[in-house]
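A quick write-up on the structure given underneath.
Every number in this text was worked out from the coordinates using simple rules, so none of it is lab data. A quick note: this is a predicted structure, and the numbers were derived from the prediction, not measured. Glycine gets a Cβ as well: all are built from the backbone with ideal geometry, and neighbour counts include every protein chain shown.
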Amino acid sequence: MAYDFMQYALLAGLLGGIACSLVGVLVVSMHLSFIGVCISHAAFAGAIIAVFLGLNPMHGAFLFSLLAAGAIGPLADRGDFNPDTSLGIVFSLMLGLSFLFLGLMPGPKTQALGLMWGSILTVRPEHLAVLAVVALLVLGTVVLFFKEVQAVIFNREIALAVGLPATWIFYCLLLLTGLTVTASLQPIGGLLIFSLILNPAAAAYQLTYSLRNLFLLAACFGVLSCWVGLALAYLFNLPSGASIVVFSTLLFLVASAVSPKRRVKQLTETEGA
């Protein structure tokens, strides 16, 4: 704790864990897992292209994640075309662009590879500032518009029928996902960030039926994943992003094993048989 880099890393774990987990609740509850994958890879592709062009990778990541979020929303809403097919096309395009520009990049690819895997131990104050702004934005949206978000999560068509701007709320949630992914790119890494978004929220989903408790549990699991993963990385000289993601996966497995929902499902199936 006497080292500045460790203090920065712990703070990044707190802010990133909260932001990613809250967004993860939205992604899991609305069954939008693959949309999150697309946005995370779009942010990574934008960062790689920015590095190739000699620009700030954060700017490229923000631009591409917002463009992807803006494109994915209408694609997912189109009824005449399978949304999974549209998302698959966007995902493959972003992944292809990432490795295309990574291959074209002359000289050492240290910065680009760092964006791929991330390193919470190299977080700087400017990264923390971005994370803090995004975390406050996500938290403020969930707190101030909880009823509207709850209605959209439950059923977008019903939310529209009662007069809520459900489509715009849905698009705003996608934009929040893009911002969160970009802000977490340096600490976690472009190819791993979606796991931190999904795993704590999925673990919390196993343990509660309340949306309010789901947000609280997911945030706790996200921060715990970051801090324990950071400790493991520091003690055993492991990649920090990978350590965080692996521990978040273990949390999900434990939550699934003790899930009351799982027991209720098994009891229902037994009675039905």
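At a glance:
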quantity: Space enclosed by the convex hull of the alpha-carbon atoms of the chain, per residue, Å³; calculated: 148 Å³
quantity: Ranked W168, W117, criterion: other C-beta atoms within 10 Å, fewest first; calculated: W168, W117
quantity: Sorted by Cβ neighbour density within 10 Å, fewest at the top, the residues S98, S240, S210, S256; calculated: S210, S256, S98, S240
quantity: Linear extension gain, L113 paired with A2, 0.36 nm per residue minus alpha-carbon span; calculated: 37.1 nm
quantity: Calculated [θ] (222 nm, deg cm²/dmol) that DSSP helices of n ≥ 4 give over the chain, each run adding -39,500 (n - 2.57); calculated: -27000 deg cm²/dmol
quantity: Span from the segment 118-163 Cα centroid across to the segment 219-253 one, whole angstrom; calculated: 22 Å
quantity: Sites F146 and S33, calculated FRET efficiency, Cβ-Cβ separation with R0 22 Å, nearest 0.05; calculated: 0.50
quantity: Max mean-square fluctuation residue, GNM over the chain, Cα-Cα springs under 10 Å, options L196, L144, L66; calculated: L144
quantity: Stretchable slack from S256 to T167, in nm (0.36 nm times residue separation minus alpha-carbon distance); calculated: 28.8 nm
quantity: Translational diffusion coefficient (Stokes-Einstein; Kirkwood radius from C-alpha pairs) of segment 104-221 at 10 °C, 1.306 mPa s, in µm²/s; calculated: 98 µm²/s
quantity: Residues M94, M116 arranged by fewest to most Cβ contacts within 10 Å; calculated: M116, M94
quantity: Selected from I197, I158, I48 as most flexible by GNM, with the chain as the system and alpha-carbon contacts under 10 Å; calculated: I158
quantity: Of A43, A69, A257, the one that fluctuates the most in a GNM where the chain has Cα springs shorter than 10 Å; calculated: A257
quantity: Inter-probe distance in nm under a simple model that places probes 7 Å from Cα toward Cβ, at A132 and N155; calculated: 4.3 nm
quantity: Calculated FRET value between C220 and L55, using beta carbons and R₀ = 25 Å, to 0.05; calculated: 0.10
quantity: Cα centre as origin, Lys/Arg/Asp/Glu Cβ charges: segment 4-272 dipole, Debye; calculated: 300 debye
